[in-house]
1. Specify the residue with the greatest mean-square fluctuation among ASP167, ASP228, ASP205, computed from a Gaussian network of the chain linking alpha-carbon atoms under 10 Å apart.
2. GLU75: accessible area at probe 1.4 Å, nearest 10 Å²?
3. Rank LEU208, LEU106 by accessible area, highest first, at a 1.4 Å probe radius?
4. Probe 1.4 Å, all protein chains in place: accessible area of PHE54 in Å², nearest 10?
5. For the range 91-220, which whole-number percentage of the solvent-accessible area (1.4 Å probe, protein heavy atoms only) is attributable to carbon and sulfur atoms?
6. Which cysteines in the chain lack any other cysteine whose Cβ sits under 4.7 Å from their own Cβ?
7. Provide the net charge surrounding VAL237, with neighbours chosen by a C-beta distance below 15 Å and charges set as Lys +1, Arg +1, Asp -1, Glu -1.
8. Would you check the accessible area of THR241, probe 1.4 Å, heavy atoms only, in square angstrom rounded to 10?
Amino acid sequence: MKILSVVGARPNFMKIAPFIRAIEKHNAGGGEPVQHLLVHTGQHYDHQMSQTFFDALNIPPADIHLGVGSGTHAEQVGNTMMAFEKVVAEEKPDWVVVVGDVNATLACSVTAKKQHVKCCHIEAGLRSGDERMPEEINRLVTDRLSDLLLTPDTLSIENLKKEGVEDHKIGFVGNIMIDTLEAQREKAAALSIPEVLKANQLLKDAVLPEVEEENYAVMTLHRPSNVDHREIFTALVNFLTDEVSADMPLLWPIHPRARKQLELFGLWEKVISTPKLVLMQPIGYHDMLRLNMTAKLFLTDSGGLQEECTVLGTPCLTMRWNTERPVTLKEHGGASVLVGNNVGRIREEYRTALAEKRNAVRPELWDGRTAERCLEAIIKAS
Ligand code: UD1
């Protein structure tokens with residue numbers, strides 16, 4: 001059997017690493033070998049957004065690079081489809097495996113199906129119900145077309161059934177990203193926070209604040225809905241700099257999109273001159289995991305971090321109005337609460353979260369063995 005799997009952007013790398021490991025393990029154990037080729041579309045190309053993760057997670061170099069780069073959604077998806085079509089025609093895989101919800105996920109699932117190649121979607125069935133999110137469009141299209149839909153939780157199974165997906169196409173496997181978290185936990189725990197900060201600080205001359213365990217906050221922001229609108233982003237930045245970083249050190253690894261927008265909206269000077277706000281370049285996997293392990297609080301609009309906070313037990317304010325990952329919310333036993341981007345609401349939940357203790361929870365099958373179940377399901381469906 002021949003599998004082509006696809007990655008394009010940062011959140012894909014921690015999902016593909018355990019899948020590749022599962023294939024290696026399967027091949028080492030005898031039985032019918034699985035031939036695997038990794039395709040990188042090149043949506044994320046900065047060293048810190050891509051290669052760092054290949055190195056840290058021991059992902060073998062991609063066999064095929066599409067070199068798509070940045071662009072509008074249509075450009076990224078269109079360019080990926082044109083390049084991937086040639087790869088599929090040449091390699092003739094039995095399966096194309098896509099993960100997550102980025103533009104590569106959509107582009108490569110459509111391309112595979114148009115060439116009558118079976119498609120498996122790992123992380124199927126997540127729904128935010130918000131079609132203004134590019135990721136929601138990617139999820140809807142990919143799941144509509146996929147032959148095998150492997151879900152991280154049971155709520156996702158319900159979503160797929162409601163959309164009419166037949167039972168035999170759905171497999172409940174758990175969360176593959178947690179395989180990576182469990183495999184890397186020990187290595188991350190051995191890192192020291194001052195060293196992480198020193199290695200990643202953006203302004204090399206800035207004096208780093210004293211950062212005590214359990215008494216600092218970490219934040220990330222990158223969604224267009226938060227960072228692309230001047231009024232919204234300005235209000236968020238003011239709250240974070242004037243209030244959060246007045247209470248405790250605030251560590252902020254900055255996504256390229258957020259950085260561009262800070263400069264565009266004239267917020268850069270304010271941000272760099274705020275004491276106790278530590279600006280960092282996009283940080284590596286272990287560094288982020290280490291910071292998350294003993295943070296007092298996380299503020300983020302990332303879906304993946306919401307999940308990691310749940311398993312680590314870090315109180316998480318999710319700066320979105322909806323989530324495709326309800327299993328991470330407090331009402332489902334998780335660590336996260338939706339606060340949107342209204343500062344009044346964020347402030348209220350921020351106060352509540354400060355009084356909370358860490359509470360690690362493990363949704364069903366988030367056990368570090370999801371990748372093996374994914375491969376088993378693909379072999380069974382072949
Ligand atoms: C993409 C994913 C999103 C995911 C996020 C994680 C889609 C639709 N979105 O959004 O789901 O949560 O990745 O990061 O696929 N840029 C660089 N260097 C890079 C990559 C991007 O400077 O290596 C710049 C681009 O020029 C662009 C901006 O960052 O201006 C955004 O990049 P893009 O790939 O369009 O989407 P993300 O916002 O990263």
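The values are calculated or read from the model by the stated rules, or taken from the named source; none is laboratory data. Treat the numbers as computed from the prediction; the structure is a model and nothing was measured. Reconstructed Cβ throughout: ideal geometry from the backbone, glycine too, with neighbour counts over all protein chains shown. To get the accessible areas, we keep the full protein, side chains included, count just its heavy atoms, and leave off ligands, DNA and RNA. Shrake-Rupley method; radii C 1.70, N 1.55, O 1.52, S 1.80 Å.
1. Ranking ASP167, ASP228, ASP205 by mean-square fluctuation puts ASP205 first.
2. That residue has around 90 Å² of solvent-accessible surface.
3. On the way: LEU208 55, LEU106 25 Å².
So the residues, ranked largest to smallest area, are LEU208, LEU106.
4. Around 10 Å² of this residue is reachable by solvent.
5. That share works out to 50 percent.
6. CYS108, CYS119, CYS120, CYS374 - these cysteines have no disulfide-compatible partner (Cβ-Cβ under 4.7 Å) in the chain.
7. Values: positive: ARG223, ARG230, ARG257, ARG259, LYS260, LYS270, LYS276, ARG347; negative: ASP228, GLU231, ASP242, GLU243, GLU263, GLU269, ASP301.
Overall, the nearby charge balance is +1.
8. 10
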